[in-house]
Every structure is written in C-alpha cells, then in structure tokens.
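See below for the structure under consideration.
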Amino acid sequence: MSKIALMFPGQGSQTVGMGRDLYEKYSQAKEIIDLAGDDIKNIIFNGPEETLKITQNAQPAIFTVSMAIFEVFKSIYNFVNSEFVAAGHSLGEYCALCAAEFFNFKDGLEMVKARGKFIHEASCQNPGTMVAILGMQKEQILDICSKVSSYGVCEAVNFNSPGQIVIAGTLEAVNKAIELANTSGATKSVVLNVSGPFHSSLMSSASDNMSKELKNYNFSNPVFGVYTNCDAQFTKDASEIKEKLVAQIKSPVKWDESIKSMIQLGFGKFIEIGPGRVLSGLLKRIDKTKKALNIEDNLSLQKTLEELSK
C-alpha cells in the first residue's frame with residue numbers, strides 16, 4: 001500500500017459555507033464545528049466574506065473546518081498511522097499537528113485564535129502586504145529583495161514551488177520589488193488576499209507573544225510525523241514543536257522542500273484536507289508526476305475514498 005501524505009491549507013483558502021454539507025451529513029464534522037462555538041460556526045457558514053477573511057476569523061475558521069473534514073475521513077478510512085505523514089501550509093501546520101495528535105482540537109483552536117489575534121495586532125503595528133511572484137528562481141527573488149531593502153522590509157517568505165515564491169514586507173518596498181521582478185522576467189505578480197506581511201520579520205512581536213501563549217499548553221508525542229514549515233524537517237518529538245511554532249510566524253515557509261522530502265521517502269499519495277485546492281496545484285508544480293486527491297466536501301470525499309480503494 002502506498003504511503004499517504006496529508007496536506008492542510010492555510011489562510012486564503014477560506015470560502016463562506018465551507019464544510020456545510022459534511023456538517024449536515026456526518027456527526028464527526030458536526031461535533032467539531034459545534035465545539036468551535038456559535039460565533040465561529042456562523043462566520044464559517046454565513047460570512048459575510050469580508051468578515052470571514054479577517055485574520056482572527058479566517059484562521060480559527062479554516063482550522064475548524066479542516067479538522068472536521070479530517071475527523072470524517074478518519075472515521076471512514078481504515079487508518080494505519082504508520083502509513084501517514086502530514087504537513088500544513090502556515091496556519092495549516094496547526095491542522096497537521098492536531099491530526100497527528102500533538103494536541104487536541106480544543107487546545108489547537110485556542111492556540112489558533114491567539115495566533116490570529118497576535119498576527120492581526122502585528123499587522124496593524126507594521127502594515128504590509130504579500131505578493132506571489134511567478135516565473136522566477138529563488139536566487140533571483142533573494143537578489144531583488146536585497147536591492148529594494150533601502151525602501152523598507154521586503155523578504156522571501158513562502159517557497160511554495162519552483163517558480164512560485166511569495167514576498168512580504170512594507171508596501172513601498174514590495175511594490176518596488178514587483179517593478180524589478182516584472183522587468184527581470186517574472187511571468188506574473190499576484191497580490192495575496194491577506195491582511196499583513198506574514199512570515200516576515202515584521203511579525204516578530206506576534207512570534208514573541210506566541211512564545212508566551214504556548215507555555216499554557218502541553219503537547220504529546222504524535223501518532224505520525226509532521227514536516228514543519230520553518231525548517232522542512234520531519235518532526236515527531238513534542239519537545240521541539242513549541243519552538244518551531246514560535247519560529248514559524250516570522251520565518252519563511254519551506255513548502256517545496258517539505259514536499260520533495262516526502263516524495264523522496266516514498267510517499268506516493270497526497271491528500272489535501274480543507275477548503276480549496278491550492279496545495280494540490282503546488283504539488284503539480286513541484287513534481288509533475290504527482291497528483292493530489294482532495295477532501296473539502298462530500299463529493300470530493302467519495303472520490304478520494306474511491307481512489308484510495310484501488
């Protein structure tokens with residue numbers, strides 16, 4: 001049996017109404033979403049979109065729906081923990097860790113709420129933006145960030161796939177970087193639907209606050225390992241995770257490295273669990289021979305279960 005890698009999406013994948021059909025059909029999804037509380041449930045199902053996309057709403061909403069989907073999948077699929085590994089993109093790392101039982105859903109939700117609050121506060125203190133640059137290599141992007149440093153902070157923060165790297169920083173510096181990228185061969189620049197310069201050094205205060213917050217929780221050794229964003233390392237030791245989650249807020253997401261490591265270790269099937277198919281698209285860019293299954297509603301759940309049974 002092929003080993004399975006679970007992928008959990010991050011902020012930006014949210015949509016109003018996500019998870020509703022699973023909530024109505026499966027008790028496991030209903031239990032998780034109800035446990036999150038009426039306020040979060042109402043924002044998940046009814047929005048409006050402007051409210052859902054606010055960082056401190058989007059993060060607990062995506063975490064809740066992703067974990068609801070995972071619990072449904074786990075209840076149906078014959079789960080053998082040794083077959084699995086997981087990774088989550090940015091916020092999705094908390095979903096991956098929760099799925100692997102580093103901590104329970106209730107604690108995970110509290111951590112994610114705190115994370116969203118701290119990131120929102122840091123974004124208000126240090127406003128900025130994030131832009132995906134397509135068609136350029138890592139060295140070119142790092143060179144451009146260096147060249148615009150006199151205009152403010154501009155850093156490469158998401159290494160998503162070959163030819164897709166996200167930069168973040170102050171508005172003036174990032175806009176200058178876009179200009180340079182566009183005249184240096186970039187095929188496209190896409191401003192991301194987020195409210196701050198995530199994963200950059202401008203998030204240092206959020207990272208410091210998260211360090212204090214995480215002292216309130218106990219972590220367990222997991223049932224399967226998780227690849228962590230800040231270092232793309234396979235992690236199965238609870239004692240390391242708090243430090244990595246603190247670093248994650250102000251460090252680049254090394255997504256492409258994590259996925260390549262999984263492939264090298266023989267993980268042949270990938271399942272994106274959560275709203276949207278962003279990570280499925282990135283997988284195809286990282287390795288054209290790999291295709292991700294996904295679970296975001298009942299239809300995609302049934303298709304994935306059918307594929308896994310072959």
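Quick notes on this structure:
- Note on the range 120-161: residues that are assigned to a strand (DSSP E or B), free of Cβ contacts under 8 Å to residues at least 60 places away in the same chain and in contact with a helix residue (DSSP H, G or I) (Cβ under 8 Å, 6 or more places away or on another chain) amount to 2.
- Counting the residues of the range 21-39 that are out of contact with any Asp or Glu (no Cβ under 6 Å at 6 or more places or on another chain), crowded, with 20+ Cβ neighbours inside 10 Å and within 16 Å of ALA61 (Cβ to Cβ) gives 5.
- Residue check for GLU213: of a type in the set (D, E, K, R), crowded, with 18+ Cβ neighbours inside 10 Å, in contact with a Gly (Cβ under 8 Å, 6 or more places away or on another chain) and at pLDDT 95 or above: no
- Hits in the range 40-79 (condition: surrounded by 18 or more Cβ atoms within 10 Å (Cβ to Cβ) and of a type in the set (A, V, I, L, M)): ILE40, ILE43, ILE44, LEU52, ALA58, ALA61, ILE62, VAL65, MET67, ALA68, ILE69, VAL72
- Looking across the range 288-299, the residues that are free of Cβ contacts under 8 Å to residues at least 60 places away in the same chain and crowded, with 17+ Cβ neighbours inside 10 Å come down to LYS290, LEU293, ASN294.
- Within the range 73-119, being of a type in the set (Lys, Arg) and touching a residue at least 60 places away in the same chain (Cβ under 8 Å) holds for LYS106, ARG115, LYS117.
- Residues of the range 210-236 satisfying the condition of being among the hydrophobic types (A, V, I, L, M, F, W, C), part of a loop (DSSP other than H, G, I, E, B) and touching a residue at least 40 places away in the same chain (Cβ under 8 Å): PHE219, VAL223, PHE224
- Of the residues making up the range 237-249, not a single one is assigned to a strand (DSSP E or B) and in contact with a strand residue (DSSP E or B) (Cβ under 9 Å, 6 or more places away or on another chain).
The values are calculated or read from the model by the stated rules, or taken from the named source; none is laboratory data. Given the structure is predicted, the values throughout are model-derived calculations rather than measurements. Note that we place each Cβ from the backbone using ideal geometry, even for glycine, and neighbour counts take in every protein chain shown.
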